[in-house]
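Written out below as structure tokens is the structure these notes cover.
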Amino acid sequence: MNEKNMFPDYQPKINPDSLEDYLKKPSEVYKILEEIGEPNINNLKTIVTNFLKHKNAAKNNPGSAQKGNVAIGADEDQYFPSEDELLVSELGKLILRVTGSYSKQQMKILKLKHQIKSQRLSYPEITFRHVDVMGSGRFFYAEKATLETKIEL
């Protein structure tokens, strides 16, 4: 039997799984990310400030592992991150994107110019995956890294 005939409207997902796939709007996460705008050196201080604020909130409001529905692609113990954890992960990724655009020497000068203090940041990255369950739909899941991503700012 030909799968294309069984599911004629099926379209495989070809772009990377992201927060936008996993977390539906409206959400405080999107509100904060929209306020920050496109990440660049001019708003790095704002990104770092929000990162630190929500990292503390994530410690007080962690996500949890819950019994997952394995039949639709979830892990047996599926992790469901809190919005604070999602935000910290996304902000950490933004910090890495901005700082990765400059050499260490350039960052040293830019940190002085933008009054950003040197510091070590770390966070557990939240990644996303999807599972296509024929006849049921597409389902998105979050996974929390066991090792923290470290940033030398």
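The values are calculated or read from the model by the stated rules, or taken from the named source; none is laboratory data. From a predicted model like this one, the values you see are computed outputs, not experimental measurements. For neighbour counting, all protein chains shown are included, and Cβ atoms are generated from backbone atoms with ideal geometry for every residue, glycine included. Note: areas computed on protein heavy atoms with side chains; ligands, DNA, RNA excluded. Shrake-Rupley method; radii C 1.70, N 1.55, O 1.52, S 1.80 Å.
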Filter region 58-83 down to residues that are open to solvent by less than 30 Å² (accessible area, probe 1.4 Å) and either in a helix (DSSP H, G or I) or on the phi > 0 side of the Ramachandran plot (or both), then give me how many there are. 2
Going by what's in this entry, would SER103 be described as more than 20 Å from ARG138 (Cα to Cα), free of Cβ contacts under 8 Å to residues at least 24 places away in the same chain and polar (S, T, N, Q)? yes
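Taking the criterion of being among the basic types (Lys, Arg), out of contact with any Ser or Thr (no Cβ under 9 Å at 6 or more places or on another chain), exposed (fewer than 11 other Cβ atoms within 10 Å of the Cβ) and assigned to a helix (DSSP H, G or I), would at least one residue in region 89-109 satisfy it? Spell out the reasoning first.
First pass over region 89-109, keeping only residues among the basic types (Lys, Arg): 93, 97, 104, 108.
In the following step, the residues that additionally are out of contact with any Ser or Thr (no Cβ under 9 Å at 6 or more places or on another chain) were identified as 97, 104.
Next, only the ones that are exposed (fewer than 11 other Cβ atoms within 10 Å of the Cβ) stay: 104.
Now drop any that are not assigned to a helix (DSSP H, G or I), which leaves 104.
Yes, because at least one residue in region 89-109 is among the basic types (Lys, Arg), out of contact with any Ser or Thr (no Cβ under 9 Å at 6 or more places or on another chain), exposed (fewer than 11 other Cβ atoms within 10 Å of the Cβ) and assigned to a helix (DSSP H, G or I).
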Which ones in region 23-51 are more than 21 Å from SER118 (Cβ to Cβ) and free of Cβ contacts under 8 Å to residues at least 24 places away in the same chain? LYS24, LYS25, PRO26, TYR30, LYS31, GLU34, GLU35, GLY37, GLU38
